[in-house]
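What follows is a set of notes on a single structure, which appears directly below.
The values are calculated or read from the model by the stated rules, or taken from the named source; none is laboratory data. Quick caveat: nothing in here was measured; it's all calculated off a predicted structure. Every residue, glycine as well, gets a Cβ built from its backbone with ideal geometry; the counts of neighbours run over all protein chains shown. In case anyone asks, the SASA skips ligands and DNA or RNA and just uses the protein heavy atoms, side chains included. Shrake-Rupley method; radii C 1.70, N 1.55, O 1.52, S 1.80 Å.
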Amino acid sequence: MAAALAVLIVFPVAAADIDRAASLYRAQSVTSGTGEENRAWGLAPCLEEVLVKVSGDPRLIGDPRVADMSRHAADYVTGVGYRDLLNNRPPHDEQGTHDRPHYITADFDPDKIDALLASLGRKPCAVPRPKIVALLDVGR
């Protein structure tokens with residue numbers, strides 16, 4: 001009985017670590033439509049965000065090498081989803097029917113992202129991540 005109980009306690013933690021690791025390779029940005037040009041424009045900041053989240057290195061933000069990689073962000077994506085920001089609102093005019101703002105959510109291939117990080121001289125941060133405690137002192 002104790003062995004079965006231990007498995008039930010350990011399994012949810014392992015599943016949470018897997019979900020947390022998968023979410024590191026997911027990012028979201030805003031686009032002004034679902035066309036191919038808008039997709040490329042929306043995936044570029046997603047790639048930069050994923051590289052920073054996975055490596056834990058904020059110095060990659062604005063790095064020219066990352067900007068060059070971002071032009072080919074679609075090559076590293078395994079899935080893309082859109083959500084209309086004006087959901088349940090009718091189009092205001094003809095322009096609005098084609099260029100409505102959307103959240104684009106991209107899932108990136110972990111092996112390809114890890115290879116990109118290696119080419120940048122970085123490696124993925126260990127999972128599970130260290131716990132962070134924020135201390136706040138409020139005064140007048």
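Restricting to region 9-47, name every residue that is modelled with pLDDT of 90 or more, open to solvent by less than 50 Å² (accessible area, probe 1.4 Å) and touching an Asp or Glu at 6+ places or on another chain (Cβ under 9 Å).
Correct list: TYR25, ALA27, SER29.
Taking the condition of being farther than 14 Å from LEU116 by Cβ, of a type in the set (A, V, I, L, M, F, W, C) and in contact with a helix residue (DSSP H, G or I) (Cβ under 9 Å, 6 or more places away or on another chain), how many residues in region 58-86 meet it?
The total comes to 3.
If a residue has to be under 20 Å from LYS112 (Cβ atoms) and assigned to a strand (DSSP E or B) to count, how many in region 20-57 make the cut?
Going through region 20-57 one residue at a time, the tally reaches 4.
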